[in-house]
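Chemist: One structure follows; several queries about it will come next.
A short reminder: the numbers here are calculations on the coordinates, not readings from a lab. Predicted model, so just to flag it, every value in this text is computed and none were measured. Methodologically, a virtual Cβ is constructed for each residue, glycine included, from the backbone with ideal geometry; neighbour enumeration extends over all protein chains shown.
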């Protein structure tokens, strides 16, 4: 082969190499652009997800704080009611112990019962009356009443908590 043919072949190969390199370079630029666009979209998606998660966390925290505040308010109200009722019970108990008050229980007896005779005699109590309790029995009644007050206060507090905190 002649030199001219070799030069032509070398020139053609050089042109093919330049064309391949240029094609490769242009393709690389396109891929870099696509990757940059995808990275930008990925960052936007991550920011959207992060913002949504932060908003949900804020909402959950606000709901929790509102529930805690409602519970605190309920506790304050119910504790005051319970304390007032127990204080009233204690003052009644002291009045009974001091002799300022007496505890009587009203009642009636049916004459059709087997324990009470049909006719009331001169020494009987009759069909209705009141029974006065001893101071020890009165204290026992007030102890029982204190337990009832505490139980009712706990029940009201539980019902209010369910209605005002749990069901909202």
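Chemist: Note the full-extension length gain between residue 68 and residue 38 as 0.36 nm times their separation in residues minus their Cα-Cα distance, in nm to one decimal.
Modeler: Separation in residues times 0.36 nm, less the Cα-Cα distance, equals 6.4 nm.
Chemist: If you rank 13, 86 by fewest surrounding Cβ atoms within 10 Å, what's the result?
Modeler: Numbers: 13 10, 86 15.
Ordered by Cβ neighbours within 10 Å, fewest first: 13, 86.
Chemist: Mind checking the angle between helix 135-161 and the chain's longest principal axis? C-alpha axes, 0 to 90 degrees, to the nearest 10.
Modeler: 20 degrees
Chemist: Can you tell me how much longer the chain between residue 106 and residue 23 gets when fully stretched, taken as 0.36 nm per residue apart minus their C-alpha distance, in nm with one decimal? It would help to have the intermediate numbers written out before the result.
Modeler: Details: separation 83, 0.36 × 83 = 29.88 nm, distance 11.02 nm.
Contour length minus the Cα-Cα distance gives 18.9 nm.
Chemist: Can I ask one more? For the pair residue 166/residue 140, report the inter-label distance in nm, with labels modelled 7 Å from Cα in the Cβ direction.
Modeler: The answer from the label model is 3.7 nm.
Chemist: Note the listed values (1) 0.98; (2) 1.78; (3) 1.06, then indicate which one is Rg/Rh (Cα atoms, Kirkwood Rh) calculated from this particular structure.
Modeler: Structure-derived value, by its label: (2).
Chemist: Okay, moving on. On a full-extension model of 0.36 nm per residue, what is the gain between residue 132 and residue 60, subtracting their alpha-carbon distance, rounded to one decimal in nm? Intermediate results must be reported in sequence, preceding the final value.
Modeler: Values: separation 72, 0.36 × 72 = 25.92 nm, distance 5.90 nm.
This chain segment gains 20.0 nm when fully extended.
Chemist: For a Förster distance of 35 Å, can you work out the FRET efficiency between the beta-carbons of residue 77 and residue 53, rounded to the nearest 0.05?
Modeler: Rounded to the nearest 0.05, the efficiency is 0.45.
Chemist: Also: Normalising by the residue count of the chain, find the relative contact order in percent from Cα pairs under 8 Å and 6+ residues apart.
Modeler: Computed over the chain, the figure is 24 percent.
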